[in-house]
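First up is the structure itself, then whatever we jot down about it.
Every number in this text was worked out from the coordinates using simple rules, so none of it is lab data. Since the model is a prediction, treat every value here as computed from it, not as a measurement. Positions of Cβ are generated from backbone atoms using ideal geometry, with glycine treated the same way; all protein chains shown enter the neighbour counts.
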Amino acid sequence: MFRKKALFLVLICTVFVFGMATTGFCFGKKELETEANAVKLLREVERGGYKIVTTDELKAWIDQNKDMVIVDTMPYEKSYKKNHVKGAIQFLFPIPDMNTWDTGETAGKTKEDYQKLLGPDKNKSIVVYCGFVKCTRSHNGAAWAKRLGYTNVYRHPGGIKAWKEANYPTEKVK
């Protein structure tokens with residue numbers, strides 16, 4: 001009788017521990033990491049004053065031929081040249097917050113160069129992306145578009161990684 005109770009208790013404990021482990025409650029910190037990343041993104045959006053567009057929404061806009069400028073903020077040689085969202089134009093921004101314009105961080109390009117790339121229509125939709133959610137190059141690009149007076153600025157936080165994970169087509173420079 002004691003063996004059956006002990007075996008039953010071991011079985012219950014095993015199921016409990018396995019269940020806790022699979023939810024991440026005991027052994028992982030996935031929810032804490034997800035929360036930290038979500039709050040970081042939210043605070044960047046609040047600080048930058050721009051909006052967010054999902055991968056699927058951006059794909060729909062492209063399919064609908066929405067009038068917009070798509071800006072890839074990744075380095076030209078290491079990323080943009082190899083693959084980028086169809087129609088995206090490259091303009092390098094740094095990862096750390098760029099509160100004042102620094103041509104050393106933008107491959108020698110000026111605010112005027114960025115404004116010329118975005119165009120004269122301050123109400124045109126501007127979509128800025130980088131590599132992935134944790135990458136903040138897109139935050140800098142979107143925040144600077146807002147500072148330059150553009151009103152319909154969106155950040156695509158999933159970037160090229162989410163775009164490729166969705167199996168959406170990319171272009172490369174030939």
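Here are a few things to note about the model shown:
- Residue 103-residue 65 FRET efficiency (beta carbon distance; Förster radius 35 Å; 0.05 resolution): 0.55
- FRET efficiency for the pair residue 171 and residue 112, taken as 1/(1 + (r/R0)^6) with r the Cβ-Cβ distance and R0 = 30 Å, rounds to 0.65.
- Couplings for region 57-62, taken from phi via the Karplus curve 6.51 cos²θ - 1.76 cosθ + 1.60 with θ = phi - 60°, read 5, 4, 4, 5, 4, 5 Hz in order; Gly and Pro are left as x.
- Cut-off 16 Å (backbone N to label point 7 Å along Cα→Cβ of residue 56), residues of region 127-158: 157-158
- Computed FRET value (nearest 0.05) for residue 151 with residue 38, which takes r as the C-beta separation and R₀ as 35 Å: 0.85
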